[in-house]
Amino acid sequence: MPGNFLRIFGLATTLVTMGAIATISSGDDVPFPTGFRDWFAVNSMIVTKDSPISSQIGGMHLIYVNAKGLPTLKAGGPFPYPDGTIFADDVHDFLEKDGSYVEGNKKAVTVMIKDGKKYSTNGGWGFQVWAGGDPSKPLVPDAAHATQACFVCHTPQKDQDYTFSTYIP
Ligand code: HEC
């Protein structure tokens, strides 16, 4: 149910407020990252219900980068990332089982794709999220919504070209 998903990602308020739900399935022009599971593993993060950002991005995050962005990630710069860089975040539910956190169902796939000119209003990044990781279900209609739903939270990471991820050996 997309409604649940939107709540989970904190997009519901933003997108409803901006009157976008009707057009939500059209998506913007950020392509689905087909084959990203064969890219390079960047890091992982589990956002539990105890986190202040749980309502927005709760879940198990498994981050990947394509070959274009890998050298900059590994070297920690220089920034910005080259055009064509793509980060994908494979977001899963998780459950606690006998003291272990176990990966659950896919909740969403998010993407940041670098094109300094095309996405100049959002730091040169195109943002998109697909409900359940389904390529036919993009949730961000355009760059203006991406600003509110995604970019504002990534803005404090300006020194790292608006990305959170670092290379962890
Ligand atoms: C509440 C703040 C917040 C919001 C809102 C948010 N993000 Fe993020 N995002 C993060 C954090 C924190 C990480 C680091 C996750 C990790 O290291 O595992 C991250 C990581 C990412 C990454 C991996 C690259 C990186 O920066 O490390 C992508 C791709 C991404 N987010 C896309 C999106 C998209 C698309 C949206 C909007 C639909 C979005 N994010 C909204 C906080 C946010």
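Any read-out appearing in this document is the output of simple, stated calculations on the displayed coordinates, not a laboratory observation. None of these values were measured; they are calculated from a predicted model. Backbone-built Cβ (ideal geometry, glycine too); neighbour counts: all protein chains shown.
Of note:
- 3J(HN,Hα) from dihedral phi, the range 148-156, Karplus parametrisation 6.51/-1.76/1.60, rounded to Hz, x for glycine, proline: 6, 7, 10, 4, 4, 6, 8, 4, x
- For the range 91-124, trypsin sites (Lys or Arg not before Pro) are listed when DSSP marks them as loop and at most 10 other Cβ atoms sit within 10 Å of their Cβ; the list is K117.
- Three-way shape label, the range 18-169, alpha-carbon gyration tensor, a/c 1.5: oblate
- Residues of the range 105-120 with amide N under 13 Å of a point placed 7 Å along Cα→Cβ from T166: none
- Remark: spin-label model distance D159-A67 equals 3.3 nm, labels positioned 7 Å along the Cα→Cβ axis.
- Cut-off 13 Å, label 7 Å out along Cα→Cβ of F79, residues of the range 137-156 by amide N: 154-156
- Least to most buried among W130, W125, W39 (fewest other Cβ within 10 Å first): W39, W130, W125
- Separation between Cα centres of the range 104-164 and the range 27-68, rounded to whole Å: 10 Å
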